[in-house]
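Enquirer: To start, I am sharing the structure in question, which I have written as structure tokens.
The values are calculated or read from the model by the stated rules, or taken from the named source; none is laboratory data. The structure presented is a predicted model; accordingly, all values stated were derived computationally and were not measured. As a convention, Cβ positions derive from the backbone with ideal geometry for all residues, glycine included, and neighbour counts pool all protein chains shown. The protein model used for the area step is the full one, side chains on, heavy atoms only, and it has no ligands, DNA or RNA in it. Shrake-Rupley method; radii C 1.70, N 1.55, O 1.52, S 1.80 Å.
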Amino acid sequence: MGSVDSSFLLSFHLTSHKNKRIVLISNRELFLKNTAQTSESPRLIEIERAEGIYLYGPNNEKYIDLVSGFNVSNIGHRHPKVLEAVKQQLDRYMHVTVYGEFVQAPQVNFATELLQVLPNSFQSVYFTNSGAEAIEGAMKIAKKSTGRKKIIAARHAYHGSTQGALSLIGNDAYRNAYAPLLPNIEFITYNDIAELNKIDRDTAAVIVEAVQGEAGVRVPTTNYMQALRARCDSTGSLLIFDEIQTGFGRTGKLFAFEHFEIVPDILALAKGIGGGMPLGAFVAPKAIMDVIKANPMLGHITTFGGHPVSCAAARASLQVILDENLVEQVSEKAALFRRELDIPQIKEIRGLGLMMCLQLDSFEQVYQVSNDCAQHGVIIDWYLHCETALRIAPPLTISINEISNACKIIRESIAKFC
């Protein structure tokens, strides 16, 4: 075939030689044909590579990523220090056995450094593959350590799509399609102090997002969070914070619970933890975590959780966040987004740090604006439980000039459709 461009070979699939005609199918067609679809209308933006805050298409299309892989790429795509950590670990070993059996330096080192930046009450880390798995583990240790069955979650919450995590989603449309789910789940209204009396001595745990993400970035008051902490203390219920979207600097603190001057009992982490590699974790006091060790033994197990390459990447990512003072820059960058997008068509800008949402009037506007922005080189999206708002969650490494350039495109798109 001569010197055919390798990107051409990757972009098309040979399907037949009928009548000496070569039939080629694009990656987009193969995507629709051979991979499971999660909606009737996927975005179908093809990505060839990524670097920093930018995504690139196969024809050198260039996009500013204002979604960060849904709050994953807090330090940008393919950060050099993360790549180096991954390469070094690849030269040593990848998967060797199920989690918790062998002493693996990447897990040990990252757990140790993670605990050093958390309050002293957190003493033990269990690594998972994802946020949903972290939620599943947090639920299990809460029920076993308290001996109680009831868990309380918040309406309009999102904690993941596995059966247990789905049971906690405060949206009937998503739960009912997969019923029956877990029993003994009750719901309260987020940020409503009056409903905290539903937490009683039968409650094993209350699980809340530090900031409700898929509800359209709903930020609680400090009074509410402190009242929630006090109610859990008075009933002996554990407080689980889902910081899967908010953790690792996203809100202007390393962890969002720091804004409210409280400490949860159990912390669920993922997304921004891995520097772009798949990883999650639940973190707890040792007395709570140790319930999985016996009665039965191996009370919570995972094959690939805490993969050594992912843990090496996560350790490097945390170091980048600390060394480059990325958390300290969040407030200034968030303020610039708010100034640049202070236009009448945007009804409200909600958020905490660089976890922001732009409230419009309709899903039709959101859909049109997000598509137009993509065509002009800016990736934005919307929310699972709030389809009338646009998601803004760029890498924390985004520069002042890049913010201004992105906001100009957003303003121009909004002017067309709103």
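Enquirer: Across all directions of projection, what mean area in square nanometres is found for the Cα convex hull of the chain?
Expert: Mean projected area for the chain: 23.5 nm², to one decimal.
Enquirer: Can you list the HN-Hα couplings for segment 341-349, worked out from phi with the Karplus curve (6.51, -1.76, 1.60; θ = phi - 60°), rounded to whole Hz and with x for Gly and Pro?
Expert: 10, 7, 10, x, 5, 8, 6, 7, 10
Enquirer: Between GLU113 and ILE301, what is the label-to-label distance in nm when each label sits 7 Å out along the Cα-to-Cβ direction?
Expert: Rounded to a tenth, the inter-label distance reads 3.0 nm.
Enquirer: Between THR97 and LYS149, 0.36 nm times their residue separation minus their Cα-Cα distance comes to what?
Expert: 15.5 nm
Enquirer: Treat every Asp and Glu Cβ in segment 48-124 as -1 and every Lys and Arg Cβ as +1, leave all other atoms uncharged, and give the resulting dipole magnitude about the Cα centre to the nearest 20 debye.
Expert: Once rounded to the nearest 20, the dipole reads 80 debye.
Enquirer: Output needed: percent of Cα pairs per 5 Å distance bin for segment 203-275, bins running from 0 to the one holding the longest distance.
Expert: Percent of pairs per bin, in order: 3, 17, 28, 27, 16, 7, 2, 0.
Enquirer: Pick out which of LEU196, LEU44, LEU239 has the largest mean-square fluctuation in a Gaussian network model of the chain, springs linking Cα atoms closer than 10 Å.
Expert: Maximum among the listed residues: LEU44.
Enquirer: Antiparallel as a % of all DSSP beta bridges within the chain, to the nearest 5?
Expert: Here the share of antiparallel DSSP bridges comes out near 65 percent.
Enquirer: Principal axis lengths of segment 112-234 from Cα atoms, whole Å, largest first?
Expert: Cα extents, longest axis first: 41, 34, 33 Å.
Enquirer: Then there's this: Keeping all protein chains in place, calculate the accessible area per residue for the chain (probe 1.4 angstrom), answer in Å². Intermediate values should be presented prior to the final figure.
Expert: Values: 19290 Å² over 418 residues.
With all protein chains present, the chain gives 46 Å² per residue.
Enquirer: Then there's this: For segment 281-374, take N as its residue count and report Rg(C-alpha) divided by 2.2 N^0.38 Å.
Expert: For segment 281-374, the normalised Cα radius of gyration comes out at 1.72.
Enquirer: Cα-Cα over 24 Å: which of LYS347/LYS408; LYS143/LYS286; LYS140/LYS271; LYS144/LYS286; LYS333/LYS408; LYS271/LYS416?
Expert: Over 24 Å apart, Cα to Cα: LYS271/LYS416.
Enquirer: Could you give the Stokes-Einstein D for segment 186-309 in µm² per second, using the C-alpha Kirkwood radius, 25 °C, 0.890 mPa s?
Expert: 156
Enquirer: Can you give me the % of accessible surface on segment 107-150 that is carbon or sulfur? Probe 1.4 Å, all protein chains present, nothing else counted.
Expert: Carbon and sulfur atoms account for 47 percent of the accessible area of segment 107-150.
Enquirer: Continuing with this model, one more query. As I understand it, the value is the acute angle between the Cα axis of helix 131-146 and the longest principal axis of the Cα atoms of the chain; what does it come to in degrees, rounded to 10?
Expert: 10
Enquirer: Now a separate question. How would you rank 206-215, 149-158, highest first, on the average number of other Cβ atoms within 10 Å across their residues?
Expert: Values: 206-215: 25.6, 149-158: 22.2.
Highest mean packing first, the order is 206-215, 149-158.
Enquirer: Beyond 27 Å, what percent of the Cα pairs of segment 34-174 remain?
Expert: Value for segment 34-174 (Cα pairs over 27 Å): 45 percent.
Enquirer: Could you tell me the relative contact order of segment 251-363? Use alpha-carbon pairs under 8 Å, at least six residues apart, and round to a whole percent.
Expert: 26
Enquirer: Would you list which aspartates and glutamates come within 17 Å of LYS198, measuring only between C-alpha atoms, while excluding same-chain residues fewer than 8 positions from it?
Expert: Here the aspartates and glutamates satisfying the reach criterion relative to LYS198 are GLU186, ASP233.
Enquirer: Note down the Stokes-Einstein diffusion coefficient of segment 319-418 in µm²/s, whole number, using a Kirkwood radius over alpha carbon pairs, 20 °C, and 1.002 mPa s. Walk me through the numbers on the way to the answer.
Expert: On the way: Rh = 13.8 Å.
Taking Rh from Cα pairs, D becomes 155 µm²/s.
Enquirer: Give me the three principal axis extents of segment 172-225 from the C-alpha atoms, as integers in angstrom, largest value leading.
Expert: Taking the Cα atoms of segment 172-225, the three principal extents are 35, 31, 15 Å.
Enquirer: So, with +1 on the Cβ of K and R and -1 on the Cβ of D and E, and no other charges, what is the size of the charge dipole of the chain about its Cα centre, to the nearest 20 debye?
Expert: Taking the Cα centre of the chain as origin, the dipole is about 720 debye.
Enquirer: From largest to smallest, what semi-axes in whole angstrom does segment 236-283 give when each is the square root of 5 times an eigenvalue of its alpha carbon gyration tensor?
Expert: For segment 236-283, the semi-axes come out at 19, 14, 6 Å.
Enquirer: Once you put a point 7 Å from the Cα of LEU90 and another 7 Å from the Cα of ASN223, both along the Cβ direction, what distance in nm separates them?
Expert: Modelled inter-label distance: 5.4 nm.
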